[in-house]
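Beneath this line is the structure, given in structure tokens, with notes to follow.
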Amino acid sequence: MSNQLVMYEEELQQLTAICDVLQRDSNAKAVLVIDKNGQAIAQSGEVEHLDVTSLSSLTAGNVAATGGIASLLAEKEFAGQFHEGEKTNVHISIVGARVILLVLFDERSSLGLVRLRVRKAAAELTIVLEALVKKSEAGNQPSVFAEITDDDIDNLFND
Amino acid sequence: MSFINYSSREINCKIVYYGPGLCGKTTNLQYIYNKTNPEAKGKMISLATETERTLFFDFLPLSLGEIRGFRTRFHLYTVPGQVFYDASRKLILKGVDGVVFVGDSQVERMEANIESLDNLRTNLAEQGYDLDKLPYCVQFNKRDLPNSAPLEELTEVLNPTKVPQFEAVATKGVGVFDTLKAVAKLVLTELKRGS
């Protein structure tokens, strides 16, 4: 369990702020930050009608499969992907080798603009994520599990 | 890899159902999906072939309630059981917090069970995991079939380390939630232990 991801309020606000700027500056419909294992971390834009949980899981699966193709071809990874739809386009990029940045956009934007803005946002996200990992690994933050007792866990499964 | 979100007060964990082709991994998830309240589950996604065989994975997000104000959310995944989808299986094991091995009780599937269990150990080891150190349960499915092997024999061959095991008939739901609860509990206990 050494590579557990922990998110705190402060860092989530920073990540969300970066997503907000990216979404606005790229004229995107929505921006999502997703853990490589498929957990949604932060989001911005028109997400209320999206199934964020499913989208996150499938995007992570997609990135994992593409990563598998990369290693078969002796590539380190394919850092970016672009899916073109009739109404919605999807830009997927890997940030800091750890998270996935997903941008959904339509005719109000363009691939060039999204790519340009993603590059800037990715650099900013990397800084926040590195700080988050350090904070989490330092182990001096209070852990929810320190308070949870075996009885609490048992009670969760009592019918 | 669990994801603890102090901002939204959520504990997120990943459980993978592993086992040979047609052992009932997807059936487990379908039963859980059908019997869970709508507010506790998300959409179930099945990336399957035209003949309903799992191609990449099934995915079911499930909420199991709150502990000390934290919502516990489990992401359940199955792997494709067919031997030639090994590359996909490896990908799905990434970041796993708990494993359920679903064995097919039919005598003629014993070899496929053994091969799949070996494959699970190998693929976990490639990701740096040791099955003996992971939260792990075994389910013997299809116990209602007339050609099912005796429980003692299945236990000896497929559960030599004596992890929690359950007899199941996944199509009827027998043993399905018992297995899920057991592995979820092991995952949370392991998280607590590691904190």
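Rule-based calculations on the coordinates, nothing more; no lab input. If you're wondering where the values come from, they're calculated on a predicted model, not measured in any experiment. In this analysis, Cβ positions are derived from the backbone assuming ideal geometry, glycine residues included, and neighbour counts consider all displayed protein chains.
Most mobile of B:Glu108, B:Glu167, B:Glu50 per a Gaussian network model of chain B (Cα springs, under 10 Å)?
Looking only at B:Glu108, B:Glu167, B:Glu50, the biggest GNM fluctuation is shown by B:Glu50.
Kirkwood Rh and Cα-based Rg: tell me the resulting Rg over Rh for chain B, rounded to two decimals.
Working: Rg = 15.9 Å, Rh = 16.8 Å.
That ratio is 0.95, to two decimals.
Read phi for every residue in region B:60-77 and hand back ³J(HN,Hα) as whole Hz from Karplus 6.51 cos²θ - 1.76 cosθ + 1.60, θ = phi - 60°, with x for Gly and Pro.
9, x, 9, 9, 9, x, 10, 10, 6, x, 9, 6, 9, 10, 10, 9, 9, 10
Can you work out D for region B:146-195 in µm² s⁻¹ from Stokes-Einstein, where Rh is the Kirkwood radius over C-alpha pairs, the temperature is 4 °C and the viscosity is 1.567 mPa s?
102 µm²/s
According to a simple spin-label model (label point 7 Å from Cα along Cα-to-Cβ), what is the distance in nm between B:Leu145 and A:Glu46?
Modelled inter-label distance: 4.9 nm.
Can you give the angle from 0 to 90° between the axis of helix A:9-25 and the longest principal axis of chain A, with both taken from C-alpha atoms, to the nearest 10?
It is inclined by approximately 10 degrees.
To the nearest 0.05, how large is the calculated FRET efficiency for A:Glu130 and B:Asp118 if R₀ is 30 Å and r is the Cβ-Cβ distance?
Plugging the Cβ-Cβ distance into 1/(1 + (r/R0)^6) gives 0.20.
Tell me which residues come under 5 Å, amide H to amide H, from A:Ala30 once H is placed; ignore anything under 5 positions away on its chain.
A:Glu46, A:Leu104
In 10 Å bins starting at 0, how do the alpha-carbon pair distances of region A:1-147 split up by percent?
Bin by bin from 0 Å, the calculated values are 11, 40, 35, 12, 2, 0.
Name the residues whose placed amide hydrogens come within less than 5 Å of the amide hydrogen of A:Ile100, ignoring near sequence neighbours (fewer than 5 apart) on the same chain.
Amide H to amide H, under 5 Å and 5 or more residues apart or across chains, A:Ile100 pairs with A:Ile34, A:Asp35, A:Lys36, A:Val95.
Run the simple label-point estimate for B:Asn37 and B:Arg71 please: 7 Å along Cα→C-beta, distance reported in nm.
For the pair B:Asn37/B:Arg71, the computed spacing is 1.3 nm.
How are the Cα pair distances of region B:60-119 distributed, in percent, across 10 Å bins from 0?
Result returned by the calculation: 18, 41, 26, 13, 2.
Based on the Cα coordinates of the protein assembly as shown, what is the per residue volume of their convex hull in Å³?
142 Å³
Test of understanding: in a Gaussian network model of chain B with alpha carbons linked when under 10 Å, which of B:Asp97, B:Asp132, B:Asp58 would top the mean-square fluctuation ranking?
B:Asp132
Return the FRET efficiency for the residue pair B:Arg9, A:Leu116: r is the Cβ-Cβ distance, R0 is 30 Å, and the value is rounded to the nearest 0.05.
After rounding, the FRET efficiency stands at 0.25.
Two decimals is fine: what is log10 I(q)/I(0) at q = 0.20, 0.27, 0.29 Å⁻¹ for region B:1-55, from a Debye sum with one equal scatterer on every Cα and no solvent?
-0.93, -1.18, -1.21
Would you mind classifying region B:1-112 by shape? Square roots of the alpha carbon gyration tensor eigenvalues, ordered a ≥ b ≥ c; an a/c under 1.5 is rounded, otherwise it is prolate if a/b is larger than b/c and oblate if not. Walk me through the numbers on the way to the answer.
Values: a/c = 2.14, a/b = 1.84, b/c = 1.16.
Prolate is the answer for region B:1-112, as a/c is 1.5 or above and a/b outweighs b/c.
Using 7 Å Cα-to-Cβ label points, what is the B:Lys162/B:Asp86 separation (nm, one decimal)?
3.3 nm
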